[in-house]
Amino acid sequence: MKKNILFFALIMLLSSIYLSTFAINFDNSETPTMGGITPPVRKSTHMSYIIDSMDNGVCSLTFMRAFDNAEIKVYQNGILIDQNSGSFAEGETYTLDLQGYGKGEYTIEVYYSGNIIFSSSEEI
């Protein structure tokens with residue numbers, strides 16, 4: 001009799017675990033069940049508009065695209081110290097002698113049509 005009760009309890013225990021795995025409810029409210037198939041999002045590689053390089057306190061900005069009326073701002077320790085605007089051709093290089101301003105943390109930002117298109121931080 002004890003064997004039957006043990007066997008029955010074991011069967012009940014295993015069946016309750018087995019049935020509980022099928023009782024999981026998935027929330028499908030966000031995924032449509034009917035309609036067109038949405039293609040996957042394909043990310044394009046990001047090409048930077050400006051490439052910067054630093055050599056002995058001289059920062060070079062190489063423009064990878066032509067910009068009419070772009071604005072370059074240089075900040076030293078959070079304070080605007082230099083500002084220049086102009087048109088830049090594709091492949092043109094603009095240099096900034098940061099060493100002439102002294103030691104500090106510099107932030108260089110380039111704006112085009114009121115939007116920031118480049119930002120870089122350098123420390124001398």
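The values are calculated or read from the model by the stated rules, or taken from the named source; none is laboratory data. What you see is a predicted model, and the numbers here were worked out from it, not measured in a lab. Using ideal geometry, Cβ is built from the backbone for each residue, glycine included, and neighbour counts are taken over all protein chains shown. For the accessible areas, the whole protein counts, side chains as well, though only heavy atoms, and no ligand, DNA or RNA atoms are used. Shrake-Rupley method; radii C 1.70, N 1.55, O 1.52, S 1.80 Å.
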Could you calculate the FRET efficiency of Ile116 with Asn56 from 1/(1 + (r/R0)^6), where r is the beta carbon distance between them and R0 is 25 Å, rounded to 0.05?
0.40
Using modelled amide H (1.01 Å from N, peptide plane; none on Pro or chain starts), what sits under 5 Å from the amide H of Arg65, excluding residues fewer than 5 places away?
Gly91
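Place a +1 charge on the Cβ of each Lys and Arg in region 46-93 and a -1 charge on the Cβ of each Asp and Glu, then give the dipole magnitude about the Cα centre in debye, rounded to the nearest 20.
On the way: 2 positive and 7 negative charges, 22 e Å.
Computed charge dipole of region 46-93: roughly 100 debye.
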Place a label point 7 angstrom from the Cα of Lys103 along the Cα-to-Cβ direction, then list the residues of region 47-69 whose backbone nitrogen is under 12 Å away.
none
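Treating the beta-carbon of each Lys and Arg as +1 and of each Asp and Glu as -1, no other charges, what is the dipole magnitude of region 59-124 about its Cα centre, to the nearest 20 debye? Spell out each step's value before the answer.
Numbers: 3 positive and 10 negative charges, 12 e Å.
Computed about the Cα centre, the dipole is about 60 debye.
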In whole Hz, the Karplus estimates of ³J(HN,Hα) for region 97-104 (6.51, -1.76, 1.60; θ = phi - 60°; x where Gly or Pro) are 8, 6, 5, x, 7, x, 6, x
Name the residues whose placed amide hydrogens come within less than 5 Å of the amide hydrogen of Ile117, ignoring near sequence neighbours (fewer than 5 apart) on the same chain.
Val110, Tyr111, Tyr112
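For region 46-124, with every protein chain kept in place, what is the accessible area per residue (1.4 Å probe, Å²)? Let's see the in-between values first.
Values: 4670 Å² over 79 residues.
Accessible area per residue: 59 Å².
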